[in-house]
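Step one of this worksheet: look at the structure below.
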Amino acid sequence: MSSYRELKQECYDANLALPKFGLVDLTFGNVSVLDRDRGVFGIKPSGVGYEQLTPGDIVVVDLEGKQVEGKLRPSSDTATHRRLFEAFAGIHAIVHTHSRHASAFALAGRGIPCLGTTHADYFYGDVPVTRPMTKAEIEGEYECETGNVIVERFKELNPLEIPAVLVHGHGPFAWGPDGMKAVENAFALEIIAEMTMKALQLNPQAQPLSRNLLDRHFLRKHGPAATYGQR
């Protein structure tokens, strides 16, 4: 029996949630879940359909990039996930999708402005977009460099307050404290992307949410003074 059984099960459950929430088409997308104490993470194998996926298929990789368990090849995005786990100490799961509305903002090279309270419930400000990758980055260690441009974009941002990013010309990455919370953040990202796109179609001059309202909605759900939910 695998010594990573619980990690693989959590990763499997989170990956299966992607099609359930309408976040993936075909085999686009993946979830990884980190066991930081053991220095390993589970991730979806490359190109395996969600309907065929089993917990045993989840590939375990260490933070040096070495595959430590699993017969299948890990996701082609593995190096990006590994780079984010290295850089963002407070996260334990990462979701990458090509969900349609969030990806549309990425393809347009636009971040998602915070126009409403649904956005503010999950993201403490605009969801950023990275700069375009250079020719050298694309032709080099592309997946690792994808992680690097994300880390660069968050140089002055807190990834625990804005748990998502849009990679220019590519698509969204989201993260969280566990697999299902990371999926929830990815789903929230797609919801607010659709809302924002429609709002800007109705009113191209729509204004950002006030700072007072942003603070009120984000801080009532996050942090030591949070009042939302049952505690």
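The values are calculated or read from the model by the stated rules, or taken from the named source; none is laboratory data. None of these values were measured; they are calculated from a predicted model. Every residue, glycine as well, gets a Cβ built from its backbone with ideal geometry; the counts of neighbours run over all protein chains shown. The area values use the complete protein model at the heavy-atom level, side chains included, leaving out ligands, DNA and RNA. Shrake-Rupley method; radii C 1.70, N 1.55, O 1.52, S 1.80 Å.
Please report, as a whole percent, how much of the solvent-accessible surface of the chain comes from carbon and sulfur atoms (probe radius 1.4 Å).
On the way: 5910 of 11580 Å².
Heavy-atom surface of the chain belonging to carbon and sulfur, 1.4 Å probe: 51 percent.
Taking every pair of Cα atoms in the chain, average 1/r, invert it to obtain the Kirkwood radius, and report Rg/Rh to two decimals.
Radius of gyration over Kirkwood radius for the chain works out to 0.97.
Would you mind checking the radius of gyration and Dmax of region 131-206 based on alpha-carbon positions, in Å?
Computed over the Cα atoms of region 131-206, radius of gyration and Dmax are 14.6, 42 Å.
Just the Cα atoms of region 70-141: what Rg and Dmax do they give in Å?
In order Rg, Dmax, the Cα atoms of region 70-141 give 15.0, 46 Å.
Take every Cα-Cα distance within region 1-113, group them into 5 Å bins from 0 onward, and report for each bin the whole-number percent of pairs it holds.
Here the calculated profile for region 1-113 is 2, 12, 24, 22, 19, 12, 6, 2, 0, 0.
Can you show me the helix-derived [θ] at 222 nm for the chain, built from DSSP H runs with n ≥ 4 at -39,500 (n - 2.57) apiece and divided by the number of residues, rounded to the nearest 500.
Values: 8 runs with 91 residues, N = 231.
Value at 222 nm, helices only, nearest 500: -12000 deg cm²/dmol.
Net charge near Val183: determine it from the other residues with C-beta under 12 Å of the C-beta of Val183, scoring Lys and Arg +1 and Asp and Glu -1.
Working: positive: Lys20, Lys181; negative: Glu10, Asp13, Asp178, Glu184, Glu190.
Surrounding charge for Val183 is -3.
When N is the residue count of region 90-185, what does its C-alpha Rg come to as a fraction of 2.2 N^0.38 Å?
1.04
Which value in Å does the Kirkwood hydrodynamic radius of region 33-95 take, with 1/r averaged over all unlike C-alpha pairs and then inverted? Don't jump to the answer; show the numbers that get you there.
Details: mean 1/r = 0.0849 Å⁻¹.
Kirkwood radius, region 33-95: 11.8 Å.
From the Cα trace of region 60-111, what convex hull volume per residue do you get, rounded to a whole Å³?
On the way: hull volume 5.7 nm³, N = 52.
It is 110 Å³ per residue.
Taking only protein heavy atoms and a 1.4 Å probe, what accessible area per residue, in Å², does the chain have with all protein chains in place? Intermediate values should be presented prior to the final figure.
Working: 11580 Å² over 231 residues.
Here the residues of the chain average 50 Å² of exposed surface.
Treating region 1-55 as a set of equal point scatterers at the Cα positions, no solvent, please give the Debye-formula log₁₀ I(q)/I(0) at q = 0.14, 0.19, 0.25, 0.29 Å⁻¹.
Relative scattering, expressed as log10 I(q)/I(0), comes to -0.36, -0.63, -0.98, -1.20.
Beyond 23 Å between alpha-carbons counts as too far, so tell me which of Lys135/Lys198; Lys198/Lys221; Lys20/Lys44; Lys44/Lys135; Lys8/Lys181 fall in that bin.
Working: Lys135/Lys198 34 Å; Lys198/Lys221 25 Å; Lys20/Lys44 16 Å; Lys44/Lys135 28 Å; Lys8/Lys181 16 Å.
In this structure, Lys135/Lys198; Lys198/Lys221; Lys44/Lys135 lie more than 23 Å apart at Cα.
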